[in-house]
1. Dipole magnitude of segment 184-350 about its Cα centre, charges +1 at Lys/Arg Cβ and -1 at Asp/Glu Cβ only, in debye to the nearest 20?
2. Through the Karplus equation 6.51 cos²θ - 1.76 cosθ + 1.60, θ set to phi - 60°, convert the phi angles of segment 71-86 into ³J(HN,Hα) values in whole Hz; use x for Gly and Pro.
3. How about segment 315-365: which trypsin sites (Lys or Arg not before Pro) there lie in a loop by DSSP and see at most 14 other Cβ atoms within 10 Å?
4. Within 10 Å, count the other beta carbons around each residue, average over each peptide in 282-288, 161-167, and list them highest first.
5. Once the dipole of the chain is set up with Lys and Arg at +1 and Asp and Glu at -1 on Cβ about the Cα centre, which of Pro259, Ser214, Pro87 lies farthest towards its positive end?
6. Return Ser214, Ser298, Ser142 ranked ascending by Cβ neighbour count within 10 Å, so the fewest neighbours appear first.
7. Work out the length of the dipole vector of the chain about its Cα centre, built from +1 on the beta-carbon of each Lys and Arg and -1 on the beta-carbon of each Asp and Glu, and round it to the nearest 20 debye.
8. To the nearest 20 debye, what is the magnitude of the charge dipole of segment 10-173 about its Cα centre, counting +1 on the Cβ of each Lys and Arg and -1 on the Cβ of each Asp and Glu?
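Nothing in this text is a laboratory measurement; each read-out follows from the coordinates by a stated rule. Keep in mind the model is a prediction, meaning the values are calculated, not measured. All Cβ positions, glycine included, derive from the backbone under ideal geometry; neighbour counts span all protein chains shown.
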Amino acid sequence: MSGGDNLEFEIRPNPAPVGDAERAALLHNPGFGRIFTDHMVTIRYADGKGWYEPRVEARAPIPMDPASAVLHYAQEIFEGLKAYTLPDGGVAMFRPDANAIRFAQSAQRMAMPQLSVETFIESLHQIIKIDRSWLPTGEDSSLYLRPFAYASEVFLGVRPSMEYLYLVIASPVGPYFSGGVKPVSVWVTPDYTRAAPGGTGAAKCGGNYAAGLSAQAEAIENGCDQVVYLDALERKYIDELGGMNVFFVLDDGTLVTPPLTGTILPGITRDSIIKLATRDGRRVEERPVSLEEWHKGSVSGRIREAFACGTAAVVTPIGKVKSADDEFTIADGGSGEITMALHKQLADIQRGRAEDPFGWVHRVL
Ligand SMILES: *Cc1c(COP(=O)(O)O)cnc(C)c1O
């Protein structure tokens with residue numbers, strides 16, 4: 001994990017980049033994950049050889065053999081982080097070192113080779129530098145970076161692949177939820193779980209998302225925006241939203257969030273909120289919260305607010321909770337005061353509009 005791979009990127013600029021006028025039109029209303037920049041990073045891996053052929057090249061389809069291991073056994077991991085335009089016109093990423101470390105941990109869980117922290121961060125620098133003109137400047141906009149790696153060996157046997165491809169693509173994005181920050185409703189799925197003890201819940205792997213799509217569809221069928229999972233063992237405690245971690249705000253201002261026991265994804269937004277709130281003198285408890293506690297607390301007023309958090313949407317208030325036999329709102333179902341204050345505090349640090357007490361803002365340009 002530590003120690004550089006001593007890789008020197010070969011830069012092959014896209015011979016036919018998108019023109020200025022077309023790019024400006026695309027950046028006007030980018031949506032989320034729909035449009036992409038002119039380039040991508042690729043690094044190959046082979047057992048015995050290590051990581052090799054690091055390149056910055058034109059974004060293009062990847063030729064893939066139908067027997068590529070990833071297509072059959074889903075050995076794949078990814079990351080997601082953002083680059084922002086700073087008030088002085090520069091560009092920064094938020095805590096890329098934390099993403100690098102988590103990527104290495106995900107690799108370890110999925111029996112994949114680890115990329116060094118240095119190479120991971122350098123690959124992000126490379127794509128930001130070459131695709132700088134794709135950085136949106138709008139208030140809630142950013143350049144979403146998607147590093148990922150997959151098993152590329154042509155082989156149908158069940159064992160870790162001996163070849164991998166690491167890539168970084170970049171997508172200019174507006175707000176994750178169109179219409180800005182407004183409360184979401186969540187569906188407590190009675191049928192599905194996300195991750196069991198000993199499983200892959202703490203790894204950022206595509207398989208976790210594939211397994212959650214039916215549950216998300218169930219949420220939509222039941223009139224909710226997102227699914228929220230209960231723990232797989234007792235079906236009692238709140239785990240997370242499947243793409244976002246969860247916090248509760250008590251009537252005395254205490255923040256409560258489920259602990260990292262291996263079944264939930266260790267979110268960097270989650271960690272940042274814990275550190276910021278603690279520094280500000282707020283009490284933060286990492287402990288299990290049952291659905292029953294959430295319901296009773298919301299009725300009694302002990303739980304004042306609830307929110308989900310993650311890189312894509314930063315902080316999103318949860319207004320309503322629905323399950324097979326129950327439904328309740330948190331306070332008046334609106335956006336909580338502390339939730340919105342945390343959203344602003346974090347977004348201001350990320351975008352260089354506020355002091356950065358923990359050295360989280362990693363300047364690129
Ligand atoms: C990525 C992710 C999160 C949020 O993590 P951040 O580092 O805050 O973006 C939460 N849950 C799951 C399942 C995730 O994949």
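1. 480 debye
2. So the Karplus estimates, Gly and Pro as x, are 5, 10, 10, 6, 7, 8, 9, 8, 9, x, 8, 10, 10, 10, 7, 7 Hz.
3. Arg353
4. 161-167, 282-288
5. Result: Pro87.
6. Least crowded to most crowded, the residues run Ser214, Ser298, Ser142.
7. I would put it at about 320 debye.
8. 200 debye
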